[in-house]
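Enquirer: Please find one structure pasted underneath; my questions will follow.
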Amino acid sequence: MPADIDKLLRMIEQKLDWGDSTAWQSRDFENLQQLILDETGVSLSASTLRRVWGRVTYNSLPSTTTLDTLARFAGTANWRQFIKEHTDHNNTAVPAAPLPVSKPAKRQPARLVWMLAASVMISLTLLGIFALKKTPPPVKKSDYRFAVKPVTRTIPNSVIFTYDAVAAPTDSVYIQQSWDKSRRTLVSKNQHTHTSVYYEPGFYMAKLVANNQVVKEIPLLIPTDGWLAAISKTPVPVYLPAAGFMNKSMLRLPAEAVTAHNMPLQPDAPDICFYNVGNFNPVPLSDFAFSVRVKNEYAEGTAACQLTTITLVTDDSPIVIPLSAKGCVSEIGLLSVDQMVSGKQADLSGFGSDFSDWVQVGCKSVGKALEYNVNGRTVYTCALPERPVHIVGMIYRFKGAGAVKDINLYQQDKPVFRAFF
């Protein structure tokens with residue numbers, strides 16, 4: 001990758017403070033897509049961002065539009081301005097002006113050269129000592145306390161955080177809602193209560209951060225009161241009444257219902273989501289079987305790929321099962337707790353679907369493996385995580401419009417959750 005592009009990506013990584021980009025997961029790139037859209041007004045797809053960061057094989061350089069947008073997100077006007085401001089002029093060859101023949105340049109005395117070199121060395125030494133003095137001292141995690149309490153079972157849901165961080169060596173104390181470092185809030189180390197709103201249900205790992213170190217973290221389940229449907233929108237989704245998406249036979253939100261809520265489907269269709277979290281006993285991944293029928297009902301314009309995901313929410317990382325139109329499988333990715341599989345680097349063609357009819361999707365544990373099925377055919381297999389992981393909810397996400405029915409979740413051949421038959 002050209003050095004200037006690499007420098008731009010490193011600046012964005014420093015701005016995000018999400019850790020090593022090689023460990024970013026699919027959801028990180030989706031969140032970055034939203035952050036860039038919010039700040040620049042330009043939507044770069046998550047797949048484009050994965051290509052730019054080298055997570056999928058792509059032999060061409062990013063387009064000027066992509067580079068302009070990333071440069072704006074990094075804080076400059078455009079890509080050309082970024083190059084102008086951040087080119088390393090010390091490494092740029094600059095032709096020297098010709099010296100007059102009648103006045104040859106004089107050599108500087110050796111003593112002056114040594115004095116200059118000594119001054120530079122003294123300055124660097126002083127800077128190094130100052131930097132060491134500025135290094136924050138380590139924290140003792142046992143000196144801190146942290147607890148969380150959701151207020152309700154409805155969404156949005158306020159969470160009461162109680163904490164004790166008086167031992168923090170500096171005032172840099174934060175409460176972080178989840179793995180996403182952009183969701184950090186600065187709090188007073190001398191106070192003990194902070195509240196925050198969660199707009200989406202799910203399983204989170206809330207963190208207490210002192211001196212830029214995670215000193216405490218605690219699992220947090222944000223449940224739903226039964227089924228919840230929402231149209232994605234930042235910062236607050238558009239929530240729908242039950243009568244608007246649910247009947248005895250299915251969950252369904254057609255395109256006309258989306259536009260009726262003043263949410264345009266073009267040029268970029270919003271995601272619609274059906275959630276059910278925390279309403280059944282946790283089911284271990286070591287012995288489960290899940291199946292469902294889904295249909296993506298919108299394929300116009302930029303939503304031609306009919307991107308769809310089925311997420312099994314766990315008390316760890318989730319399982320995310322992707323579906324798309326058959327010609328778009330290169331754009332999808334499978335998340336299997338610890339394993340992220342890109343359609344750019346693996347054959348995920350089995351997840352390509354014809355949504356003119358219902359598509360049956362299944363996932364189950366078989367020995368030490370997770371087996372994924374589409375329309376009765378095994379299309380992918382991954383290793384089960386060795387640690388205990390439990391399913392605690394499910395999310396169905398469609399680009400534009402979609403429907404869900406025939407939901408089955410079993411443990412040891414016994415039904416745990418069934419709906420919409």
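Enquirer: Quick check: is even one residue across the stretch 355-368 in contact with a helix residue (DSSP H, G or I) (Cβ under 9 Å, 6 or more places away or on another chain) and either within 17 Å of Lys326 (Cβ to Cβ) or in the same structural domain as Thr22 (by TED's automatic domain parsing) (or both)?
Expert: Within the stretch 355-368 (the criterion being in contact with a helix residue (DSSP H, G or I) (Cβ under 9 Å, 6 or more places away or on another chain) and either within 17 Å of Lys326 (Cβ to Cβ) or in the same structural domain as Thr22 (by TED's automatic domain parsing) (or both)), the answer is yes, since at least one residue qualifies.
Enquirer: Has the stretch 183-196 got at least one residue that is within 27 Å of Cys273 (Cα to Cα) and at pLDDT below 85?
Expert: Yes: one or more hits.
Enquirer: Only residues that are without any contact (Cβ under 8 Å) to a residue 24 or more places away in the chain, assigned to a strand (DSSP E or B) and of a type in the set (D, E, K, R): list them for the stretch 362-388, please.
Expert: Of everything in the stretch 362-388, just one residue is without any contact (Cβ under 8 Å) to a residue 24 or more places away in the chain, assigned to a strand (DSSP E or B) and of a type in the set (D, E, K, R), namely Glu371.
Enquirer: Now for a separate question. Among (1) more than 17 Å from the chain's Cα centre (by Cα); (2) surrounded by fewer than 20 Cβ atoms within 10 Å (Cβ to Cβ); (3) in contact (Cβ under 8 Å) with a residue 60 or more places away in the chain, where does Asp316 come up short?
Expert: (1)
Enquirer: Which pairs have Cβ atoms under 9 Å, sit 6 or more apart or on different chains, and link a residue in the stretch 240-265 that is of a type in the set (S, T, N, Q) to one that is buried (at least 19 other Cβ atoms within 10 Å of the Cβ) and outside any loop (DSSP other than H, G, I, E, B)?
Expert: Within 9 Å, no pair qualifies.
Enquirer: Only one of Pro235, Pro201, Pro264, Pro284 is closer than 15 Å to Ile155 by Cα and not assigned by TED's automatic domain parsing to the domain that holds Val151. Can you tell me which? Let's see the steps before the verdict.
Expert: Values: Pro201 fails: not assigned by TED's automatic domain parsing to the domain that holds Val151; Pro264 fails: closer than 15 Å to Ile155 by Cα; Pro284 fails: closer than 15 Å to Ile155 by Cα.
None of the other options fit; the residue is Pro235.
Enquirer: A follow-up question, please. Criterion first (among the hydrophobic types (A, V, I, L, M, F, W, C) and in contact with a helix residue (DSSP H, G or I) (Cβ under 6 Å, 6 or more places away or on another chain)) does Leu35 satisfy it?
Expert: Numbers: among the hydrophobic types (A, V, I, L, M, F, W, C): yes; in contact with a helix residue (DSSP H, G or I) (Cβ under 6 Å, 6 or more places away or on another chain): no.
Judged against the criteria, Leu35 is not a match.
Enquirer: Another question, if that's okay. Out of the residues in the stretch 335-361 meeting the condition of being part of a strand (DSSP E or B) and modelled with pLDDT of 95 or more, tell me which one is farthest from Met250 (Cα to Cα).
Expert: Kept after step one, since they are part of a strand (DSSP E or B), are these residues of the stretch 335-361: 335-336, 339-342, 352-353, 359-361.
Narrowing the set further to residues that are modelled with pLDDT of 95 or more leaves 352-353, 359-361.
Values: Gly352: 23, Ser353: 20, Val359: 14, Gln360: 14, Val361: 16 Å.
Across the stretch 335-361, the extreme among qualifying residues is Gly352.
Enquirer: Okay, moving on. Can you confirm whether the stretch 142-163 contains a residue that is modelled with pLDDT under 95, part of a loop (DSSP other than H, G, I, E, B) and farther than 23 Å from Phe203 by Cβ?
Expert: No, that holds for no residue.
The values are calculated or read from the model by the stated rules, or taken from the named source; none is laboratory data. Just so it is clear, the structure is predicted and the values come from calculations on it, not from any experiment. For neighbour counting, all protein chains shown are included, and Cβ atoms are generated from backbone atoms with ideal geometry for every residue, glycine included.
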